[in-house]
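Chemist: Below: one structure in structure tokens.
The values are calculated or read from the model by the stated rules, or taken from the named source; none is laboratory data. Quantities reported herein were computed from a predicted structural model and do not represent experimental measurements. As a convention, Cβ positions derive from the backbone with ideal geometry for all residues, glycine included, and neighbour counts pool all protein chains shown.
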Amino acid sequence: MALSDNPFIGLPLADLQDLQQKWLQAIKDLATAGQSYTFPGRSLTRANLPEARETLMLINQALSYYGALPAPAAAGGGAKQIVQATIDTQSHFAR
């Protein structure tokens, strides 16, 4: 999945961290005791565990993109840095 397809890219960092904690708790509840977990307007059961893991992976990917989590070594590591440069070739080569 490309970063542009991640619905969590663009959310504020505090919101991502809050979502991460909520989805971690949901996964723990679903995996350990088979309990259901309810978000506002949404209820999850053990059958939703793969979807919950996928959602947490996307949240972690967004956090990693912002440098709030280290990127997995297999993914190339580190946060991405965008650099913009302008080169003025006219003043350098004009004599």
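Chemist: Within the range 55-88, work out how many residues are surrounded by 13 or more Cβ atoms within 10 Å (Cβ to Cβ), assigned to a loop (DSSP other than H, G, I, E, B) and either at pLDDT 85 or above or not aromatic (Phe, Trp, Tyr) (or both).
Modeler: The total comes to 5.
Chemist: For the range 47-54, check the following and say yes or no: at least one residue is under 19 Å from the mean Cα position of the chain (by Cα), more than 14 Å from residue 65 (Cα to Cα), loosely packed, with under 10 Cβ neighbours inside 10 Å and not basic (Lys, Arg).
Modeler: Yes, the conditions are met somewhere in the range 47-54.
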